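Colleague: I have a structure I would like to understand better, so I am pasting it below and will then ask my questions one at a time.
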Amino acid sequence: MKEYILKRLAMLVIVLLGVSLITFVLVRAAPGDPAVNLLGQHATAEKIEEIREKYHLNDPIYVQYYIWLKMAVKGDFGRSIESREFVTREIMERVPMTLELSLIAMIIASVIGIIAGIISAVHQYSAADYGVMIGALFGISMPVFWLGLMLMFIFSVKLGITPVGGRLTAGMELERITGMYILDSILTLNGTALVDSIKHLILPSVALATIPMATIARMTRSSMLEVLRQDYIRTERAKGLSERAVVYKHAIKNALIPIVTVIGMNIGLLMGGAVLTETIFSLPGLGKYIADAILAYDYPVVQGFTLIFATVFVLVNLATDILYLYIDPRIKYK
Amino acid sequence: MTEDTKFKRRTRTQDTIRQLKKNKTAMVGLAMLLAIFILCIGAPIFAPHGPYDADLDRGSKPGFWSDDCIPGYYLGTDYLGRDLLSRILYGGRVTLSVGFVALGFALIVGTSMGMSAGYFGGKIDSILMRIVDILFAYPALLLALVIAGTLGRGIDKAMLAIGVVYTPQMARVMRGAVLIIKETEYIEAEHAIGSSTSRIIFKHVLPNSLAPIIVYSTLMLATAILDAAALGFLGVGAQSPSPEWGLSLSIARKYLVTGAWWAATFPGVAILLSVISLNLLGDGLRDALDPRLKGGAKL
């Protein structure tokens, strides 16, 4: 197993180098002169030349890549063209918001998805099973941004029970500790802020949770059905164990193993979903940050963000695989 | 004539079609999909109005459910007074073609990559699969967004971006299929009689690996359409005044607070129905073509 992890880590280095190269080339291949982008259309030729010299834009492209990579390893991606702030700092500021949103969405998706999947499998071909499967079909087919808009229209515009966007009602005060508003309001025992921040997050979380919920429900169902057909389950039943004990004490443990991978795989999906949900609900998180940066051709942000996220994503995938190895000793990776 | 010869010989394709016909959900999906295609391709015939015919006097009017409806504008109008139904029919041509072209790109590039990697193995396999690993390192929509965004705006860029995102998935599916077929005895027999590599690939390996490719293509097309609409919604895909579904939604969003829900609702319903029909068909095809995967969840 150590060998496997070491091998994966070695591959990780290759993949990350490739990712950095693609990210760099992709952004540099974009139309427009970075110096002109930085200074605006009316800059003098002298000024442009100065900037080109300062940012090594006159050097050969591989030298530029090397310089960029050297800085990137130190966590320095330069400054945003739009805000003139450091990219890394801007990203760090937005992590808590997106983390909070994704965590809540993932909890909703896992809890409801797993329960629905189990019910569906235990009562295969019942009305409940069909209900869950049809619901899951709608879930995987749902455009997240449309669902978000519909939720917003019903609950915010028509019923007026949730706010249309943002994180907190304007004027409300909350001491910032972690940057996750729900957690912060609990830590500071601020009841009003707690209710308010939950109200702001509930619709985006539900919208973001829909697709993972559907995939988790489907996966739980098929995994559970497979486990329920196995010999050891028949033995349990033959022993006279109640159906409840068979399902909830014995089958569930093995059935949930593949779900770990599904949840791991959904992290990437959540990132894509966060771009859409944060845009709809005007949440100042990472998703909205990258969407705005791309629309504004803010290249340092796009480069830094993409590289950081690909890295995180690769690490999460690796962690999922290793976790899988631990919880299911039957699996042997070569 | 003996009893035995009365059995009709059936090819694999005929067998699959029989299987598929028995699968009700797949047939529902296929019927929905065909209806959507016919309506969108035939938009010039079916659409009651032109997709760009604007008239501010009839802006944001509701459809048949309301007394305020303008006769002939069944689903209401958007903020510029353009007929929503007509725009949805024409918009389907854009959204669906982005999905199709992207899938086509992924099919051609991805299957070639997977085929070479699986069939030749060794160094070619290592290099190609590392490229696949690198592309897999990006969350799908993020990669599509970055590619489409840096290349500029427009549906051609969106097509390429989504195509690139789905290429590694296609490559992996193809490689897996080829690896299994390569080890079979009839391929060994082909080698033994001295068949050329291209003959083995095109006459044997490719046709036999088609089943998983067809299944995955259908399911991938479903997500490709979602991504196409998402890029349009975020503003890097189709550009105004295109009736593309995602873009229409993004514009109609600003008028939601005024109560004009229909302009933001129906394009979404169109996306949902298209994607559902493909998912139904894809699940059915999987059951018919690949019995081993039966009942398995989509990954």
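The values are calculated or read from the model by the stated rules, or taken from the named source; none is laboratory data. Given the structure is predicted, the values throughout are model-derived calculations rather than measurements. Methodologically, a virtual Cβ is constructed for each residue, glycine included, from the backbone with ideal geometry; neighbour enumeration extends over all protein chains shown.
Colleague: Could you say whether any residue in the stretch A:232-253 is of a type in the set (Lys, Arg), surrounded by fewer than 20 Cβ atoms within 10 Å (Cβ to Cβ), outside any helix (DSSP H, G or I) and away from chain B (no Cβ under 14 Å)? Quick ask: steps written out before the conclusion?
Modeller: To start, the set of residues in the stretch A:232-253 that are of a type in the set (Lys, Arg) comprises A:234, A:237, A:239, A:244, A:249, A:253.
Right, trim to surrounded by fewer than 20 Cβ atoms within 10 Å (Cβ to Cβ) and you get A:234, A:237, A:239, A:244, A:249, A:253.
Retained after the next criterion (residues that are outside any helix (DSSP H, G or I)): A:239.
From what is left, the residues that are away from chain B (no Cβ under 14 Å) are A:239.
Yes, that holds for at least one residue.
Colleague: Can you name every residue in the stretch A:1-42 that is of a type in the set (A, V, I, L, M), touching a helix residue (DSSP H, G or I) at 6+ places or on another chain (Cβ under 7 Å) and more than 11 Å from every other protein chain (Cβ to nearest Cβ)?
Modeller: Matches in the stretch A:1-42: A:Met1, A:Ile5, A:Ala35, A:Val36, A:Leu38, A:Leu39.
Colleague: Still on this model: Inspect the stretch B:237-248 for any residue being within 14 Å of chain A (Cβ to nearest Cβ) and either in contact with a Ser or Thr (Cβ under 6 Å, 6 or more places away or on another chain) or of a type in the set (Val, Ile, Thr) (or both) and give the result as yes or no.
Modeller: Yes - at least one qualifying residue is present in the stretch B:237-248.
Colleague: Could you grab me the full set of residues in the stretch B:46-72 that are among the small types (Gly, Ala, Ser) and exposed (fewer than 13 other Cβ atoms within 10 Å of the Cβ)? Talk me through it step by step, then tell me what you get.
Modeller: So the first thing to find is which residues in the stretch B:46-72 are among the small types (Gly, Ala, Ser), and the list is B:47, B:50, B:54, B:59-60, B:63, B:66, B:72.
Of everything in the stretch B:46-72, those that are among the small types (Gly, Ala, Ser) and exposed (fewer than 13 other Cβ atoms within 10 Å of the Cβ) turn out to be B:Ser66, B:Gly72.
Colleague: When you look at B:Leu75, is it among the aliphatic types (A, V, I, L, M), surrounded by 15 or more Cβ atoms within 10 Å (Cβ to Cβ), in a loop (DSSP other than H, G, I, E, B) and modelled with pLDDT of 90 or more, yes or no? Steps first, please.
Modeller: On the way: among the aliphatic types (A, V, I, L, M): yes; surrounded by 15 or more Cβ atoms within 10 Å (Cβ to Cβ): yes; in a loop (DSSP other than H, G, I, E, B): yes; modelled with pLDDT of 90 or more: yes.
Against the criterion (among the aliphatic types (A, V, I, L, M), surrounded by 15 or more Cβ atoms within 10 Å (Cβ to Cβ), in a loop (DSSP other than H, G, I, E, B) and modelled with pLDDT of 90 or more), B:Leu75 qualifies.
Table: residues versus (1) under 22 Å from A:Ile140 (Cβ atoms); (2) at pLDDT 95 or above.
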position: B:Val215; (1), (2): yes, no
position: B:Leu221; (1), (2): yes, yes
position: B:Gly235; (1), (2): no, no
position: B:Leu247; (1), (2): no, yes
position: B:Arg253; (1), (2): no, no
position: B:Ile271; (1), (2): yes, yes
position: B:Ser277; (1), (2): yes, yes
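Colleague: Something else: Looking at the structure I just gave you, is B:Val257 at pLDDT below 90 and β-branched (Val, Ile, Thr)?
Modeller: Values: at pLDDT below 90: yes; β-branched (Val, Ile, Thr): yes.
When the stated conditions are applied, B:Val257 passes them.
Colleague: Oh, and also: Going by what's in this entry, would A:Leu283 be described as outside any helix (DSSP H, G or I) and either more than 14 Å from chain B (Cβ to nearest Cβ) or touching a residue at least 60 places away in the same chain (Cβ under 8 Å) (or both)?
Modeller: It is true that A:Leu283 is outside any helix (DSSP H, G or I) and either more than 14 Å from chain B (Cβ to nearest Cβ) or touching a residue at least 60 places away in the same chain (Cβ under 8 Å) (or both).
Colleague: Continuing with this model, one more query. Can you find, within the stretch A:288-302, the residue that is surrounded by the fewest Cβ atoms within 10 Å (Cβ to Cβ) among those that are of a type in the set (A, V, I, L, M) and part of a helix (DSSP H, G or I)?
Modeller: Let us first name the residues in the stretch A:288-302 that are of a type in the set (A, V, I, L, M), namely A:290-291, A:293-296, A:301-302.
Filter once more, keeping what is part of a helix (DSSP H, G or I): A:290-291, A:293-295, A:301-302.
Values: A:Ile290: 28, A:Ala291: 22, A:Ala293: 26, A:Ile294: 25, A:Leu295: 14, A:Val301: 27, A:Val302: 25.
My answer is A:Leu295.
Colleague: Let me ask you something else. Please pick out the residue among A:Thr261, A:Thr320 that is within 11 Å of another protein chain (Cβ to nearest Cβ), surrounded by 15 or more Cβ atoms within 10 Å (Cβ to Cβ) and not charged (D, E, K, R).
Modeller: Numbers: A:Thr320 fails: within 11 Å of another protein chain (Cβ to nearest Cβ).
Result: A:Thr261 is the single residue among A:Thr261, A:Thr320 that is within 11 Å of another protein chain (Cβ to nearest Cβ), surrounded by 15 or more Cβ atoms within 10 Å (Cβ to Cβ) and not charged (D, E, K, R).
Colleague: Given the residues B:Ala117, B:Ala102, which is the only one that is buried (at least 22 other Cβ atoms within 10 Å of the Cβ), more than 24 Å from A:Gly287 (Cα to Cα) and either touching a residue at least 60 places away in the same chain (Cβ under 8 Å) or away from chain A (no Cβ under 14 Å) (or both)? Steps first, answer last, please.
Modeller: Numbers: B:Ala102 fails: more than 24 Å from A:Gly287 (Cα to Cα).
Among B:Ala117, B:Ala102, only B:Ala117 is buried (at least 22 other Cβ atoms within 10 Å of the Cβ), more than 24 Å from A:Gly287 (Cα to Cα) and either touching a residue at least 60 places away in the same chain (Cβ under 8 Å) or away from chain A (no Cβ under 14 Å) (or both).
Colleague: Sticking with this structure for a sec: Tell me, which residue of the stretch A:293-317 that is without any contact (Cβ under 8 Å) to a residue 24 or more places away in the chain and over 30 Å from A:Pro258 (Cβ atoms) is nearest to the other protein chains (Cβ to nearest Cβ)?
Modeller: Filtering the stretch A:293-317 for residues that are without any contact (Cβ under 8 Å) to a residue 24 or more places away in the chain and over 30 Å from A:Pro258 (Cβ atoms), the one nearest to the other protein chains (Cβ to nearest Cβ) comes out as A:Ile294.
Colleague: Let me ask something else about it. Could you tell me whether the stretch B:22-35 includes any residue that is part of a loop (DSSP other than H, G, I, E, B) and of a type in the set (S, T, N, Q)? Steps first, answer last, please.
Modeller: Within the stretch B:22-35, the subset part of a loop (DSSP other than H, G, I, E, B) is B:23.
In the following step, the residues that additionally are of a type in the set (S, T, N, Q) were identified as B:23.
Checking the stretch B:22-35: at least one residue is part of a loop (DSSP other than H, G, I, E, B) and of a type in the set (S, T, N, Q).
Colleague: Additional query: Only one residue in A:Gly40, A:Gly113 is crowded, with 17+ Cβ neighbours inside 10 Å and over 19 Å from A:Val314 (Cα atoms), so which one is that? Break it down stepwise before answering.
Modeller: On the way: A:Gly40 fails: crowded, with 17+ Cβ neighbours inside 10 Å.
It is A:Gly113.
Colleague: Just need a number here: residues in the stretch B:130-154 that are more than 7 Å from chain A (Cβ to nearest Cβ) and assigned to a loop (DSSP other than H, G, I, E, B).
Modeller: Selection size over the stretch B:130-154: 2.
Colleague: Do we find that A:Ile91 is buried (at least 16 other Cβ atoms within 10 Å of the Cβ), within 14 Å of chain B (Cβ to nearest Cβ), free of Cβ contacts under 8 Å to residues at least 40 places away in the same chain and under 25 Å from B:Ala148 (Cα atoms) in this structure? Steps first, please.
Modeller: Working: buried (at least 16 other Cβ atoms within 10 Å of the Cβ): yes; within 14 Å of chain B (Cβ to nearest Cβ): yes; free of Cβ contacts under 8 Å to residues at least 40 places away in the same chain: no; under 25 Å from B:Ala148 (Cα atoms): yes.
It is false that A:Ile91 is buried (at least 16 other Cβ atoms within 10 Å of the Cβ), within 14 Å of chain B (Cβ to nearest Cβ), free of Cβ contacts under 8 Å to residues at least 40 places away in the same chain and under 25 Å from B:Ala148 (Cα atoms).
Conditions tested, residue by residue: (1) assigned to a loop (DSSP other than H, G, I, E, B); (2) within 14 Å of chain B (Cβ to nearest Cβ); (3) at positive phi.
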site: A:Met71; (1), (2), (3): no, no, no
site: A:Ile119; (1), (2), (3): no, no, no
site: A:Met150; (1), (2), (3): no, yes, no
site: A:Val164; (1), (2), (3): yes, yes, no
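Colleague: Please give the number of the condition A:Tyr125 fails out of (1) part of a helix (DSSP H, G or I); (2) over 19 Å from the mean Cα position of the chain (by Cα).
Modeller: Of (1) part of a helix (DSSP H, G or I); (2) over 19 Å from the mean Cα position of the chain (by Cα), only one is false for A:Tyr125: (1).
Colleague: Sticking with this one: Let me spell it out: the conditions are (1) closer than 17 Å to B:Pro241 by Cα; (2) under 22 Å from the mean Cα position of the chain (by Cα); (3) not β-branched (Val, Ile, Thr), and B:Ala26 meets all of them except one. Which number is the exception?
Modeller: Condition (1) is where B:Ala26 drops out.
Colleague: Among the candidates B:Gly76, B:Gly91, B:Gly163, B:Gly81, single out the residue that is in contact with a helix residue (DSSP H, G or I) (Cβ under 6 Å, 6 or more places away or on another chain), within 14 Å of another protein chain (Cβ to nearest Cβ), more than 25 Å from A:Lys7 (Cα to Cα) and touching a residue at least 12 places away in the same chain (Cβ under 8 Å). Walk me through it before giving the result.
Modeller: Details: B:Gly76 fails: within 14 Å of another protein chain (Cβ to nearest Cβ); B:Gly163 fails: within 14 Å of another protein chain (Cβ to nearest Cβ); B:Gly81 fails: within 14 Å of another protein chain (Cβ to nearest Cβ).
Testing whether each residue is in contact with a helix residue (DSSP H, G or I) (Cβ under 6 Å, 6 or more places away or on another chain), within 14 Å of another protein chain (Cβ to nearest Cβ), more than 25 Å from A:Lys7 (Cα to Cα) and touching a residue at least 12 places away in the same chain (Cβ under 8 Å) leaves just B:Gly91.
Listed here are the residues, each with its yes/no results for (1) on the phi > 0 side of the Ramachandran plot; (2) away from chain B (no Cβ under 11 Å); (3) within 21 Å of the chain's Cα centre (by Cα).
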site: A:Asp129; (1), (2), (3): no, yes, no
site: A:Gly135; (1), (2), (3): no, yes, no
site: A:Leu159; (1), (2), (3): no, yes, no
site: A:Gly171; (1), (2), (3): yes, yes, no
site: A:Arg176; (1), (2), (3): no, yes, no
site: A:Ile182; (1), (2), (3): no, yes, yes
site: A:Asn190; (1), (2), (3): no, yes, no
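Colleague: Okay, moving on. Mind checking which pairs have a first residue in the stretch A:240-255 that is closer than 20 Å to A:Arg330 by Cβ and at pLDDT 85 or above and a second that is surrounded by 19 or more Cβ atoms within 10 Å (Cβ to Cβ) and of a type in the set (S, T, N, Q), Cβ under 6 Å, 6 or more apart or different chains?
Modeller: A:Ala255/A:Ser223
Colleague: Does A:Met150 qualify as being in contact (Cβ under 8 Å) with a residue 24 or more places away in the chain and out of contact with any Phe, Trp or Tyr (no Cβ under 7 Å at 6 or more places or on another chain)?
Modeller: On the way: in contact (Cβ under 8 Å) with a residue 24 or more places away in the chain: no; out of contact with any Phe, Trp or Tyr (no Cβ under 7 Å at 6 or more places or on another chain): yes.
Taking the combined requirement at face value, the residue does not satisfy it.
Colleague: Continuing with the same structure: Please verify whether the stretch B:282-293 includes one or more residues that are under 30 Å from B:Asp15 (Cβ atoms) and not in a helix (DSSP H, G or I). Steps first, please.
Modeller: Step one: of the stretch B:282-293, the residues under 30 Å from B:Asp15 (Cβ atoms) are B:282-293.
If we keep only those that are not in a helix (DSSP H, G or I) too, we end up with B:290.
Among the residues of the stretch B:282-293, at least one is under 30 Å from B:Asp15 (Cβ atoms) and not in a helix (DSSP H, G or I), which makes the answer yes.
Colleague: Exactly one of (1) surrounded by fewer than 23 Cβ atoms within 10 Å (Cβ to Cβ); (2) more than 14 Å from chain A (Cβ to nearest Cβ); (3) under 25 Å from the mean Cα position of the chain (by Cα) is unmet by B:Leu219. Its number?
Modeller: For B:Leu219, the exception is condition (2).
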